[in-house]
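Report on the structure given below.
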Amino acid sequence: MKIIFQVDGGIGKSIAATAVCKAIKKQYPKDKLFVITGYPEVFLCNPNVDKVFNFNNLNYFYEDHIEGEKVKTLLHNPYLETDFINLNGHLIKVWCEMFGIKYNGEMPEMFLNNREQSFYGKHFTSDKPIFLIQTNGGGANQPNKYSWARDLPLAMAQRIVNTFAQDYNVVHIRRNDQLPLQNTTPVQADFRAIATLISLSSKRLLIDSFCQHAAAALNKPSVVCWVGNTPEQFGYDMHTNIIAAKPTIKPELRHSVFSKYNISGQPTEFPYNNEDEIFNPEQIVEALLSTPAPAQSQVVNSGKVVVEDEKKNLIEA
């Protein structure tokens with residue numbers, strides 16, 4: 001039998017989907033698992049996936065893989081499930097259970113081979129250990145450069161960077177259309193290169209975006225900051241999850257439908273008097289200082305890293 005698993009949404013959701021793949025393969029070990037996604041690079045080298053297809057290249061899919069075959073399709077969106085909307089469990093758990101797949105705490109997984117680590121790793125060398133930071137998420141060219149519901153407030157992020165800049169090469173994962181920080185090394189790269197960078201880093205300050213999923217998939221405990229969403233739905237216990245302070249004013253929620261806040265950070269929904277009320281930066285610094293450093297430091301080059309033959313796969317966080 002062929003099992004066809006479709007993953008809609010962003011790259012972080014595709015990373016989370018690797019845990020669903022593992023659960024599917026446990027339940028159906030003799031069947032072939034085909035994944036359809038906008039981010040096939042997430043599933044490369046994954047032993048639980050037999051074939052991965054890009055949404056942009058499904059020519060003759062029915063003729064080649066469905067017609068005349070015994071097929072099981074797993075195509076629905078877990079974000080529309082009752083349990084997910086009611087905050088009754090983690091995304092991965094809800095995703096498995098809505099397909100009748102037994103969930104046993106499976107975690108996301110990523111697999112980097114030795115050649116990848118060697119090829120990408122040579123771009124990431126300098127004389128200090130890596131402090132990796134992701135401050136902004138979302139797709140390219142958003143009208144709002146900063147989403148209060150997901151991103152780190154820029155002034156606070158800069159204060160934290162300044163605290164660690166002397167001892168670490170602070171590497172800022174960001175696209176050119178995202179807000180910059182001083183005393184950082186900006187990096188824009190394809191997904192597999194970013195994954196390698198995460199695997200080499202000593203400390204990580206992340207948000208509710210693809211990097212925190214990738215860090216979990218690579219078994220790299222990180223400090224992750226949460227505002228609009230919750231780690232109970234999207235995060236992982238292996239991380240140190242910093243939850244935003246309780247709202248200080250009543251937000252205007254007339255545009256909310258199946259979730260309380262729009263992740264793009266609608267200004268009318270802002271539930272604070274100002275950005276300084278969202279996080280306590282001292283709490284974040286303390287959590288980062290508690291992150292154990294590796295026995296031997298790995299480090300990163302300055303400048304933007306773009307693999308020429310994979311520019312089309314540049315990350316949209």
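The values are calculated or read from the model by the stated rules, or taken from the named source; none is laboratory data. Note that this is a predicted model, so its numbers are computed, not measured. Note that each Cβ is placed from the backbone with ideal geometry, even for glycine, and that neighbours are counted across all protein chains shown.
Looking for whichever is of a type in the set (S, T, N, Q), modelled with pLDDT of 95 or more and either loosely packed, with under 13 Cβ neighbours inside 10 Å or out of contact with any Phe, Trp or Tyr (no Cβ under 6 Å at 6 or more places or on another chain) (or both) here; the options are Asn262, Asn229. Which one fits?
Of the residues listed, the single one that is of a type in the set (S, T, N, Q), modelled with pLDDT of 95 or more and either loosely packed, with under 13 Cβ neighbours inside 10 Å or out of contact with any Phe, Trp or Tyr (no Cβ under 6 Å at 6 or more places or on another chain) (or both) is Asn229.
Quick check on my filter: what residues within the range 45-76 are touching a strand residue (DSSP E or B) at 6+ places or on another chain (Cβ under 9 Å), closer than 17 Å to Val20 by Cβ and not acidic (Asp, Glu)?
Asn46, Asn48, Val49, Lys51, Val52, Phe53, Lys72, Thr73, Leu74, Leu75, His76
Taking the residues in the range 19-46 that are farther than 23 Å from Gly235 by Cα and within 21 Å of the chain's Cα centre (by Cα) as candidates, determine which candidate is modelled with the lowest pLDDT.
The selected residue is Cys45.
Can you tell me which condition Asn241 does not meet? The list is (1) at pLDDT 95 or above; (2) more than 28 Å from Ser14 (Cα to Cα), and all the others hold.
(2)
Based on what the data block shows, is Gly12 surrounded by 14 or more Cβ atoms within 10 Å (Cβ to Cβ) and closer than 19 Å to Met107 by Cα?
Considered against the rule, which asks whether it is surrounded by 14 or more Cβ atoms within 10 Å (Cβ to Cβ) and closer than 19 Å to Met107 by Cα, Gly12 comes out as yes.
Just need a number here: residues in the range 103-146 that are in the same structural domain as Ser264 (by TED's automatic domain parsing), of a type in the set (Ser, Thr, Tyr) and surrounded by fewer than 21 Cβ atoms within 10 Å (Cβ to Cβ).
Summing the residues that are in the same structural domain as Ser264 (by TED's automatic domain parsing), of a type in the set (Ser, Thr, Tyr) and surrounded by fewer than 21 Cβ atoms within 10 Å (Cβ to Cβ) in the range 103-146 gives 4.
Tell me, which residue of the range 91-126 that is of a type in the set (Gly, Ala, Ser) and not in a helix (DSSP H, G or I) is nearest to Ile24 (Cα to Cα)?
Among those that are of a type in the set (Gly, Ala, Ser) and not in a helix (DSSP H, G or I), it is Gly100.
For the condition out of contact with any Phe, Trp or Tyr (no Cβ under 7 Å at 6 or more places or on another chain) and surrounded by 14 or more Cβ atoms within 10 Å (Cβ to Cβ), what is the one hit in Val35, Val7?
Exactly one of Val35, Val7 is out of contact with any Phe, Trp or Tyr (no Cβ under 7 Å at 6 or more places or on another chain) and surrounded by 14 or more Cβ atoms within 10 Å (Cβ to Cβ), namely Val7.
Output the number of the condition that Asn274 fails; it satisfies all remaining conditions of (1) closer than 22 Å to Val224 by Cα; (2) touching a helix residue (DSSP H, G or I) at 6+ places or on another chain (Cβ under 9 Å).
Of the numbered conditions (1) closer than 22 Å to Val224 by Cα; (2) touching a helix residue (DSSP H, G or I) at 6+ places or on another chain (Cβ under 9 Å), the odd one out for Asn274 is (2).
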